[in-house]
Amino acid sequence: MFEELLRRWDGEHAVVSYDAPSGTWMLVCIHSTKLGPAMGGTRMQVYAEPAEALEDGLRLAGGMTRKLAVVGLPCGGGKAVLAVPELPSGDERRRLLERYAELIDSLGGTFVTGPDVNTGEADMDVIGARTPHVFCRSVGNGGSGDPSIHTALGVFHGIRASLGRVFGSDDPAGRTVLVQGAGSVGAKLSGLLAETGANVLVSDVDEERARATGATTVAPEAALEAECDVYAPCALGATLSAESIPRLRCRIVAGAANNQLAEPEDGERLRAAGILYAPDYVINSGGALHGIGLERLGWDPERLEQEVAGIGDTLERVYTESEAEGIPTHEAAERLAAARLRR
Ligand code: PHE
């Protein structure tokens, strides 16, 4: 399985390390260093098979290359997956992250990591004690802190741009948005939308977490079919598939999750269904802009705000290209990224 996945992959190289003390597969996927060192988050997750973890990592790494290229940052793309037997805490977690930090350090800066699903500021602090190649340590430790507010803000700007395209007005007031996943990004997005007068529906497998947002909650199994203007997937990826797309009752899909399309053809399926799709790696680039911009490119908070607002403009370009060429939006985004990568 590993052989087949690696043979088919279009990336540069993957480092596979089995951490015996914890039973964790550490998979660092360096997709491209064409525009600069590869950057991408470290995801910690339980998988049924190590091959599934590698597949996820390889795919997410390619998404990072396109994400950073499309928003115009001088960085390559990568991703790391820590495929754990169960999510560790306390000392066990710290020791695992320390061993992982040594692995990152051994790559000499060709891969620089940050937080992702199930990892956060405190984890970056642990990693940062052993290697400088990490973003988003806590502010007290010299990092830029939790990036999730900027991921959420970028999605918010992306939703506005998408509303403008479909309805002729980008004002979220009175629009219904379903936020699926009330994690660090989803909860903040729901707050930003509620402030502007949108009608926010929130769904989460953890119903308590959904209720805590203060929005109207929707049962997880009803989320996909909820009638709304915007469906915003902010949980784990691949919710858009041949099976799910016919059930959607929205005009726009615009959310923070990575890898939203189960397969590339789903982009065309959405287009054929008359649903505008905001390509995931474009609309969710705010977190990367936060870490990389503040810590590597010397941006001040004002510049960061401008760049995050620019996610809306990048999406406009994607939509214009998609219309002009008669191609699905994810393909238009890919073309923009490819044009930057060719230079
Ligand atoms: N989780 C972020 C993303 O997918 C990863 C990231 C954060 C990368 C911070 C770099 C810096 O975009």
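The values are calculated or read from the model by the stated rules, or taken from the named source; none is laboratory data. These numbers come from a predicted model, not from an experiment. In this analysis, Cβ positions are derived from the backbone assuming ideal geometry, glycine residues included, and neighbour counts consider all displayed protein chains. Only protein heavy atoms, including side chains, enter the accessible area calculation; ligands, DNA and RNA are left aside. Shrake-Rupley method; radii C 1.70, N 1.55, O 1.52, S 1.80 Å.
Which members of segment 116-134 meet the condition of being within 12 Å of the ligand (Cβ to nearest atom), modelled with pLDDT of 95 or more and in contact with a strand residue (DSSP E or B) (Cβ under 6 Å, 6 or more places away or on another chain)?
Passing the criteria: Thr119, Met124, His133, Val134.
Given the conditions (1) surrounded by fewer than 24 Cβ atoms within 10 Å (Cβ to Cβ); (2) away from the ligand (no atom under 15 Å from the Cβ); (3) closer than 22 Å to Leu289 by Cα; (4) among the hydrophobic types (A, V, I, L, M, F, W, C), report the number of the one that Ala219 does not fulfil.
Ala219 satisfies all of (1) surrounded by fewer than 24 Cβ atoms within 10 Å (Cβ to Cβ); (2) away from the ligand (no atom under 15 Å from the Cβ); (3) closer than 22 Å to Leu289 by Cα; (4) among the hydrophobic types (A, V, I, L, M, F, W, C) except (3).
What is the one condition in (1) closer than 21 Å to Leu58 by Cα; (2) touching a residue at least 60 places away in the same chain (Cβ under 8 Å); (3) among the aliphatic types (A, V, I, L, M) that Val308 does not satisfy?
(1)
Please indicate, with yes or no, whether at least one residue in segment 323-331 is in a helix (DSSP H, G or I), surrounded by 23 or more Cβ atoms within 10 Å (Cβ to Cβ) and more than 16 Å from the ligand (Cβ to nearest atom).
Within segment 323-331 (the criterion being in a helix (DSSP H, G or I), surrounded by 23 or more Cβ atoms within 10 Å (Cβ to Cβ) and more than 16 Å from the ligand (Cβ to nearest atom)), the answer is yes, since at least one residue qualifies.
When the residues of segment 84-115 are filtered to those that are assigned to a loop (DSSP other than H, G, I, E, B) and more than 16 Å from the ligand (Cβ to nearest atom), which remaining residue is most open to solvent (accessible area, probe 1.4 Å)?
Start the filter on segment 84-115 by keeping residues that are assigned to a loop (DSSP other than H, G, I, E, B), which leaves 84-89, 107-110.
So of that shortlist, the ones also more than 16 Å from the ligand (Cβ to nearest atom) come out as 84-89, 108.
Working: Val84: 6, Pro85: 81, Glu86: 135, Leu87: 88, Pro88: 14, Ser89: 83, Gly108: 60 Å².
This residue is Glu86.
I'm told Thr119 meets every condition in (1) in a helix (DSSP H, G or I); (2) touching a residue at least 24 places away in the same chain (Cβ under 8 Å); (3) open to solvent by less than 50 Å² (accessible area, probe 1.4 Å) except one. Can you identify the failing condition by its number?
Tallying (1) in a helix (DSSP H, G or I); (2) touching a residue at least 24 places away in the same chain (Cβ under 8 Å); (3) open to solvent by less than 50 Å² (accessible area, probe 1.4 Å), Thr119 fails exactly one: (1).
With the structure loaded, tell me whether Ile149 is assigned to a helix (DSSP H, G or I), closer than 20 Å to Gln306 by Cα, open to solvent by 20 Å² or more (accessible area, probe 1.4 Å) and touching a residue at least 12 places away in the same chain (Cβ under 8 Å) or whether it fails that test.
Judged against the criteria, Ile149 is a match.
What is the residue count in segment 160-202 for residues that are closer than 16 Å to Gly287 by Cβ and in contact (Cβ under 8 Å) with a residue 40 or more places away in the chain?
Final tally of qualifying residues: 8.
Could you list, in sequence order, all residues of segment 271-304 that are in contact (Cβ under 8 Å) with a residue 40 or more places away in the chain, of a type in the set (Asp, Glu) and either open to solvent by less than 30 Å² (accessible area, probe 1.4 Å) or more than 10 Å from the ligand (Cβ to nearest atom) (or both)?
Passing the criteria: only Asp280.
For Val202, state whether it is at pLDDT 95 or above and more than 26 Å from Gly57 (Cα to Cα).
Spelling it out, Val202 is indeed at pLDDT 95 or above and more than 26 Å from Gly57 (Cα to Cα).
Would you say Ile327 is of a type in the set (Val, Ile, Thr) and under 23 Å from Ala38 (Cβ atoms)?
no
Out of segment 305-322, which residues are within 14 Å of the ligand (Cβ to nearest atom) and open to solvent by 10 Å² or more (accessible area, probe 1.4 Å)?
The one that is within 14 Å of the ligand (Cβ to nearest atom) and open to solvent by 10 Å² or more (accessible area, probe 1.4 Å): Glu307.
Residues of segment 180-196 being more than 10 Å from Ala256 (Cβ to Cβ), surrounded by fewer than 24 Cβ atoms within 10 Å (Cβ to Cβ) and not hydroxyl-bearing (Ser, Thr, Tyr), which ones?
Of everything in segment 180-196, those that are more than 10 Å from Ala256 (Cβ to Cβ), surrounded by fewer than 24 Cβ atoms within 10 Å (Cβ to Cβ) and not hydroxyl-bearing (Ser, Thr, Tyr) turn out to be Ala187, Gly191, Leu192, Ala194, Glu195.
Residues of segment 120-176 being in contact with a helix residue (DSSP H, G or I) (Cβ under 6 Å, 6 or more places away or on another chain) and of a type in the set (Asp, Glu), which ones?
Once the filter is applied, which keeps residues that are in contact with a helix residue (DSSP H, G or I) (Cβ under 6 Å, 6 or more places away or on another chain) and of a type in the set (Asp, Glu), segment 120-176 yields Asp123, Asp125, Asp146, Asp170.
How do the strands (runs of 3 or more DSSP E) wholly within segment 1-80 filter down when requiring 2 or more residues that are away from the ligand (no atom under 14 Å from the Cβ) and among the aliphatic types (A, V, I, L, M): which remain?
Details: elements: 13-19, 24-32, 38-45.
Output list reads 13-19, 24-32.
Exactly one condition in (1) touching a strand residue (DSSP E or B) at 6+ places or on another chain (Cβ under 9 Å); (2) within 16 Å of the ligand (Cβ to nearest atom); (3) modelled with pLDDT under 95 is not met by Ala337; state its number.
Unmet condition: (1).
Take segment 255-270 and flag every residue that is without any contact (Cβ under 8 Å) to a residue 60 or more places away in the chain and either within 11 Å of the ligand (Cβ to nearest atom) or of a type in the set (D, E, K, R) (or both).
Narrowing segment 255-270 to residues without any contact (Cβ under 8 Å) to a residue 60 or more places away in the chain: 260, 262-263, 265-266, 269-270.
Glu263, Glu265, Asp266, Arg269 - these are the residues of segment 255-270 that are without any contact (Cβ under 8 Å) to a residue 60 or more places away in the chain and either within 11 Å of the ligand (Cβ to nearest atom) or of a type in the set (D, E, K, R) (or both).
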